[in-house]
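Contents: one structure, followed by commentary.
The values are calculated or read from the model by the stated rules, or taken from the named source; none is laboratory data. Treat the numbers as computed from the prediction; the structure is a model and nothing was measured. A quick note on method: Cβ atoms are made from the backbone with ideal geometry, for glycine too, and the neighbour counts reach across all protein chains shown. Quick note on the areas: whole protein, heavy atoms, side chains included, nothing else; ligands and nucleic acids left out. Shrake-Rupley method; radii C 1.70, N 1.55, O 1.52, S 1.80 Å.
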Amino acid sequence: MPATTPSADAPLRALVVDDEAPTLAELTFLLERDPRIGELHTASSGTEALRALEEHPVEVVFCDISMPGLDGLDLAKVLARFADRPQVVFVTAYEEHAVDAFELQATDYVMKPIRAERLGEAVRRVVAKRSDASPSTTPPEDETIPVELGGVTRFIHRSQILYASAQGDYARMHTANGSHLVRVSLNALEERWGERGFVRIHRSTLVSLAHVTEVSSDSGRAVVRVGDVELQVSRRHTRDLRERLLRPAVR
């Protein structure tokens, strides 16, 4: 999940993705020498990249295109749905994907073999684009969240989430089809999704008002029904829930 975006003049946080170890090492070596690059992470596949991004949000992804499984183009399509979308620089040996890269709004398209000067130009373009971008805290219409299920990365949408419950420093997101543990705190979700119809009803529960079908009172305590589940509302959150129910939920 995305963290606070650093200032425009801060070193770039970057992720390098390539399934070929020598190329991955070369890209990492060249980028580490560039003072405009700060925090740097690596991944050897598209799926591994998504797992890395859950823990280490970045401003730019340097990505190969031809990779087994989730290839670079598919990865870029997923990244396009992120609330804080990182820039993508494709680093590839194939010219024929340039049109696809353009349609995916890639910042640059660097051909292999990699030249330090050309890679440096790509970094310059990333920095310039970041400086020109106007800051925005508005989440997309429907954010995509990568989740792990049996060793496979799948994707759910925010609109599918009925409620989220705290589980230590993680949050368990509950949908109609099951639940998924995600490496993000409930406080971070509340801050991020508060304007998208999610409200705190308990210190350990965040619920989507769009999916609340019933609110009742049991011995003076409010209870909300979400699907087939009844969730207790703590006394301290009851007033906020009532106020929010008077406003339309945002999907």
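A few remarks follow.
- Extreme residue, nearest to residue 167 (Cα to Cα), among residues of the stretch 183-201 that are surrounded by fewer than 20 Cβ atoms within 10 Å (Cβ to Cβ) and free of Cβ contacts under 8 Å to residues at least 60 places away in the same chain: 185
- Test set (1) open to solvent by 50 Å² or more (accessible area, probe 1.4 Å); (2) part of a loop (DSSP other than H, G, I, E, B) - residue 10 fails condition number: (1)
- From 25, 98, residue being in contact with a strand residue (DSSP E or B) (Cβ under 8 Å, 6 or more places away or on another chain), surrounded by fewer than 19 Cβ atoms within 10 Å (Cβ to Cβ) and assigned to a helix (DSSP H, G or I): 98
- Filtering 139, 135 for residues that are within 19 Å of the chain's Cα centre (by Cα), at pLDDT below 80 and open to solvent by less than 70 Å² (accessible area, probe 1.4 Å) leaves a single hit, 139.
- The stretch 215-242 residues that are more than 15 Å from residue 204 (Cα to Cα) and without any contact (Cβ under 8 Å) to a residue 12 or more places away in the chain, paired with ones that are of a type outside the set (Val, Ile, Thr) and outside any strand (DSSP E or B) (beta carbon under 9 Å, 6 or more apart): 220/235
- Looking only at the stretch 208-227, residues that are closer than 15 Å to residue 157 by Cα and assigned to a helix (DSSP H, G or I) come to 2 in all.
- Scanning the stretch 151-207 for residues being in a helix (DSSP H, G or I) and either of a type in the set (A, V, I, L, M) or within 22 Å of residue 240 (Cα to Cα) (or both) gives a total of 13.
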